[in-house]
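Following: one structure in structure tokens, then a few remarks.
The values are calculated or read from the model by the stated rules, or taken from the named source; none is laboratory data. As the structure is a computational prediction, the values presented were derived from the model and not from experiment. No Cβ is skipped: glycine too gets one built from the backbone with ideal geometry, and neighbour counts run over all protein chains shown.
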Amino acid sequence: MKKSLKLTALGIVAFILFFVGCATGPTVDLPTTTTTTTTTGSKAVTLTKVTSFGSNPGALTMYKYVPADVPANAPLVVALHGCTQDAAAYAHDTEWHVLADKYKFYVVYAETTSSNNSSKCFNWFESGDIARNSGEALSIKQMVDKMKTDYTVDNSKVFVTGLSAGAAMTTVMLAVYPDVFASGAVMAGIPYKCATSMSNAFSCMSPGADKTPSAWKTLVTSAYSYSGTYPTMAIFHGATDSTVKNLNATELVDQWTAVHGTDQTADATAAVGSHTVKTYKNGDGKAVVIYYSISSMGHAISVDPGTGEKQGGATGSYAMDKDLWSSYYAAEFFGLLSAQPTELVVTADKETGSFTAGTAIEVTLSVNQTADIYYTVDGTAPTVSSTKYTAAISITGAAGEVKTLKYFAKSATAESAVVAKTYTFTAEDVTAPVITADKETGTFTAAITVSLTSNEAATIYYTINGSTPTESSLVYSSPISISATTTLKYFGKDTAGNASAVQSQTYTININNNTDPITPGVMEKVTSFGSNPGNLAMYRYTPSGISASAPVVVALHGCTQDAAGYAHDTEWNVLADKYKFYVIYPEQNSSNNQNKCFNWFEPGDITRGQGEALSIYNMVMSLSGKIDTDRVFVTGLSAGAAMTTVMLAAYPDVFASGAVMAGIPYKCATTMTDGFTCMRAAIDKTDAEWAALIPANTKKPRVVVFQGTSDYTVYPGNADDLVAQWTGVHGTDKTADGTETISGHEHKIYKNSAGVSVVETYLINGMGHAITVDPGTGAAQGGATAGFAVDKDLYSSYWALKFFGLDNSDVTPPEAVITAPASSITAGTVSIDVTATDNVGVTKVEFYIGTSTTPLSTDTTAPYNTSWTVAQDGLYTITVKAYDAAGNIKTVTKSVTVSGGQVDGVKPVVTVSKDSGSYSGSVDVVLSATDNVTASPAIFYTTDGSDPVTSSTKKTYTAGSTLKFTATTTIKVTAKDDANNTADIVTKTYTITSVYSEEVSATVLDHALAKRINWYPDYGTYGAKYGYQTAFTLYKLTSTGTWVDKDGLPQ
């Protein structure tokens, strides 16, 4: 039961002032009967109370208004009153019913009570009422669901609007149910989650809360994990509102423009009478936010009583005549003001076509207005005496039979044309489609594209992360680009529902095939590293004693420099010797750029798969098989720093982090002229615009920025723009979470919502255009001074290395806890949720089910979760692995019992690679097992004749290993799945025969044998090895008949 809010007298007054306060005009309490009527001048409205619409955790009341002759798939508007009001009062003031009668849409009025809130306010500030699937928010959503159940509502045209407290609740519904509502109209409202307590609520009302657009956006996007298009918003606010201050309107603009990824500068400003209207559009030119500032109006809605097309509404204490009917303009923004069709149109959900014989098809008929439908299924013309349509029509036929459905609709005033649909029944299609990949498993020396085709109309589903594809996986629509070693799995499903078996191809991408020799301790030029469209040179440094899977740092020089000069200044080679990682130095030349600058401003060089960016990528890939692909980093100075941001943006799946030394944001310029403007930090973009330049990707590299405060070549303002760009990519704001001073220089840290450092900056006092070094022998010292390397007591390469996690100081694995699902669940689709933290930062979390060695999925950003669909009952083990940048791994498991689904009674099937029989010398055997549910059933075996299920001597087989038997052996094999089903025992007996079929003794006097085996003391294989022998033994191989000596050498 919900508790009433206990307010002081002053609090009640304040709440009443904010949330519409007094009841208006002829408002009356709604009775408990099914209808209530209120009158607005000559316009009467009858609302119908709906007494059952779901669990209703918010204890709200539902009223609906249904106009006459509503067509099929009509829109729906949900209207939310203010404090002390009720549904009838709000209907009286707004006259949404008048618009509904004219433009044919449904209206739902949600009503709260004094038992929920002493002032009858919607609880827009209570955490339990403003979260998805909770409290009042869920109750309102259930009202929408009820309308969809009772009527044919257009799912894409559901809207919500409200005044004051109802307006604040409107923003709640848009934030937590963006998949339900297409748009909202906020009348004197407040941004979502401005307050989560009563005291915060007063502060939000006045003076209002001032946050960055990014911070406001995060409050919305964190309310529900949603990848679709968010609702649009119309804002109506009195210019002299002293109860809900105008700051709230501008903060609403900030919040919802940021949600839509656009800026806070109006794209159009117009006037409606004396009122100002500002429109904010997205990149496609669509209006996503519109703001009506109503002049000389306080805390109220605006109405315009009259008989004109745009006039309506009724005046009251909080409904003021300002010559603008806010309901009308909200409806216009919603797209509701189109004339409704007058012609009766009947449609069937099954078009003329072929269907499987013997299987009934269900045909649903619908009409665009209120009317009766009549039909026949024998081909005769229907009349009003024919069967009246009341439910889906079931039609079936034998193979070769044709059925014709004819139908029409008739209302009190009109009659539609007769429509015919022909359904041909054919033999059942039970053949699965054949899906073909144009490239089979193999090794490739460059990136490839793979095309999938079907021999019939079919939908193809696939994965590229090794998991088994389902109908929730990616849908194939165009060739798949593969630039790193990948396992592609795919299947197809035809229109008859037949699904092919899952097929798998593994593509090993091994650019240059790693044939280039590596000389440790030497900076060597690599002449072949795959395609080189950017015409760059590659130098590589490999320290001695490097591991088989080592990190790699790509270091990009500045203008007029070369690889050797940059290696000298930065001393990355010295760090590589100490911490054991590869260094790659790409080198520019004057034929590409007269100043030997990387072309960070040329579109053909800064796009994935093109020009200089592709050349640098191929340099990394030339080390395929030798490097840790989770620890690839990039850094650079000036033009090399600008190219660093290019590589992070174009290849976020390759580079984990980057260090930018006097750099520029990605795509600041796409021409040389713009390049000079960018260097002066004179490109004016909002934070959101900077972030939007980075292509969307689930992988989000971390960035550290080093910038001289006296740099007049690449101005320091670029550092601020870089922070805006990359904090925006990570969904956090530009407020530093930590600040410290290192050697007199300011160091700032920006963390994401999981507390991981994602952006850091070092502002080097008094330094111009250069990198900072700190020559010396200390642990944090290094680098050499030069024209573009200045001693500022801070060795930038070392601090970049620490940011990358390469200093080997982090030996602490992450912490991980599986928070969901519970230990006992019902079969279906559930979320596996993990809380993972690390002293430096979590880089990824992998999810595994059972004994499978292939991840179900991988998540690289918090909150860490994945969906798991389980249909079979049984005991399952969930395994989670959390990784940090230093390569530390934390593995946790959780046992989950699944019930309420299919009982898995299917045994695994065991396969033994070799059949029983006789084998010469030895036999190699591989065991395997398959199961309908468990990916990798556990395999057990014995070789002593005992039962592998119960025997204490049973052994557990290691998947993929080879068992070698050199003596006669009987092996018994079984397997168990996750539901504890045991496979039938498979028994194989291997009889091992002698390698040799004949054995002889020979002496030097046995000239016939000696000749036969090419034996003489002075020559011949045996003589050459053993010298003169008077006697020896020879053996004849059973398999080939060849004679050999005791060492197996042929004679």
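Numerical summary
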| quantity | calculated |
| --- | --- |
| Output for region 387-402, where each listed residue is in contact (Cβ under 8 Å) with a residue 24 or more places away in the chain and either surrounded by 18 or more Cβ atoms within 10 Å (Cβ to Cβ) or within 20 Å of Pro71 (Cβ to Cβ) (or both) | Tyr389, Ala392, Ile393, Ile395, Gly397 |
| Count of residues meeting criterion [among the hydroxyl-bearing types (Ser, Thr, Tyr) and in contact with a Leu (Cβ under 9 Å, 6 or more places away or on another chain)] in region 180-231 | 4 |
| Ala89 vs. criteria in the same structural domain as Met205 (by TED's automatic domain parsing), modelled with pLDDT under 95 and within 28 Å of Glu332 (Cα to Cα) | yes |
| Odd one out for Thr443, checked against (1) among the β-branched types (Val, Ile, Thr); (2) within 25 Å of Asp494 (Cβ to Cβ); (3) surrounded by fewer than 13 Cβ atoms within 10 Å (Cβ to Cβ) | (2) |
| Looking only at region 850-861, and only at residues there that are in a loop (DSSP other than H, G, I, E, B) and of a type in the set (Ser, Thr, Tyr), the one that is surrounded by the fewest Cβ atoms within 10 Å (Cβ to Cβ) | Thr853 |
| Options Lys890, Lys914; residue that is touching a residue at least 40 places away in the same chain (Cβ under 8 Å) and assigned to a strand (DSSP E or B) | Lys890 |
| Residues located in region 634-660, provided they are more than 22 Å from the chain's Cα centre (by Cα) and not in a strand (DSSP E or B) | Ser638, Ala639, Gly640, Ala641, Ala642, Met643, Thr644, Thr645, Val646 |
| Of the criteria (1) surrounded by 17 or more Cβ atoms within 10 Å (Cβ to Cβ); (2) more than 31 Å from the chain's Cα centre (by Cα); (3) assigned to a strand (DSSP E or B), which one Val898 fails | (2) |
| Residue satisfying all of: in region 523-554; within 25 Å of Ser590 (Cα to Cα) and among the β-branched types (Val, Ile, Thr); modelled with the lowest pLDDT among these | Thr527 |
| Condition check for Thr732: β-branched (Val, Ile, Thr) and farther than 20 Å from Asn765 by Cα | yes |
| Residue within region 170-184 that is under 19 Å from Thr48 (Cα atoms) and modelled with pLDDT of 95 or more present | no |
| Within region 661-677, considering residues that are in a loop (DSSP other than H, G, I, E, B) and of a type in the set (S, T, N, Q), the one nearest to Val646 (Cα to Cα) | Thr670 |
| Criterion: surrounded by fewer than 22 Cβ atoms within 10 Å (Cβ to Cβ) and in a loop (DSSP other than H, G, I, E, B) - qualifying residue of Lys193, Lys211 | Lys211 |
| Test: residue in region 687-706 that is at pLDDT 90 or above and among the polar types (S, T, N, Q) | no |
| Residue satisfying condition, being touching a Phe, Trp or Tyr at 6+ places or on another chain (Cβ under 9 Å) and closer than 30 Å to Ser831 by Cα, within set Ala938, Ala959 | Ala938 |
| The one condition in (1) of a type in the set (Phe, Trp, Tyr); (2) under 39 Å from the mean Cα position of the chain (by Cα); (3) farther than 25 Å from Phe408 by Cα that Phe355 fails to fulfil | (3) |
| Some residue of region 937-955 being out of contact with any Ser or Thr (no Cβ under 8 Å at 6 or more places or on another chain), touching a residue at least 12 places away in the same chain (Cβ under 8 Å) and crowded, with 17+ Cβ neighbours inside 10 Å | no |
| Subset of region 433-474 [hydrophobic (A, V, I, L, M, F, W, C) and more than 23 Å from the chain's Cα centre (by Cα)] | Val434, Ile435, Ala437, Phe444, Ala446, Ala447, Ile448, Leu452, Ala457, Ala458 |
| Test: residue in region 784-791 that is modelled with pLDDT under 95 and of a type in the set (Asp, Glu) | no |
| Ser302 being out of contact with any helix residue (DSSP H, G or I) (no Cβ under 7 Å at 6 or more places or on another chain) and not assigned by TED's automatic domain parsing to the domain that holds Tyr407 | no |
| Residue within region 65-78 that is buried (at least 24 other Cβ atoms within 10 Å of the Cβ) and among the aromatic types (Phe, Trp, Tyr) present | no |
| Criterion: in contact (Cβ under 8 Å) with a residue 40 or more places away in the chain, of a type outside the set (Val, Ile, Thr) and not in a strand (DSSP E or B) - qualifying residue of Arg631, Arg608 | Arg608 |
| Residue that is assigned to a loop (DSSP other than H, G, I, E, B) and farther than 12 Å from Met619 by Cβ, where the choices are Gly534, Gly545 | Gly545 |
| Residues being part of a loop (DSSP other than H, G, I, E, B), under 18 Å from Asp924 (Cβ atoms) and within 48 Å of the chain's Cα centre (by Cα) - total across region 950-973 | 6 |
| Elements of type strands (runs of 3 or more DSSP E) in region 733-849, at least 3 residues being in contact with a Lys or Arg (Cβ under 6 Å, 6 or more places away or on another chain) | 757-764 |
| Residue among Asp978, Asp947 that is outside any strand (DSSP E or B) and over 40 Å from the mean Cα position of the chain (by Cα) | Asp947 |
| Matching residues, region 481-504, being under 24 Å from the mean Cα position of the chain (by Cα) and either closer than 19 Å to Ser857 by Cα or not assigned by TED's automatic domain parsing to the domain that holds Gly442 (or both) | Ile482, Ala484, Thr485, Thr486, Thr487, Leu488, Lys489, Tyr490, Phe491, Val502, Ser504 |
| Qualifying residue in region 268-276 (condition: of a type in the set (Ser, Thr, Tyr), part of a helix (DSSP H, G or I) and not assigned by TED's automatic domain parsing to the domain that holds Leu693) | no |
| Residue list for region 600-632, restricted to those being touching a Leu at 6+ places or on another chain (Cβ under 6 Å) and among the hydrophobic types (A, V, I, L, M, F, W, C) | none |
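A quick yes/no check of all residues on (1) over 30 Å from Leu252 (Cβ atoms); (2) more than 38 Å from the chain's Cα centre (by Cα); (3) of a type in the set (A, V, I, L, M):
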residue	(1), (2), (3)
Val289	no, no, yes
Ser295	no, yes, no
Asp304	no, yes, no
Ala314	no, yes, yes
Asp323	no, yes, no
Ser338	no, no, no
Glu351	yes, no, no
Thr370	yes, yes, no
Tyr375	yes, yes, no
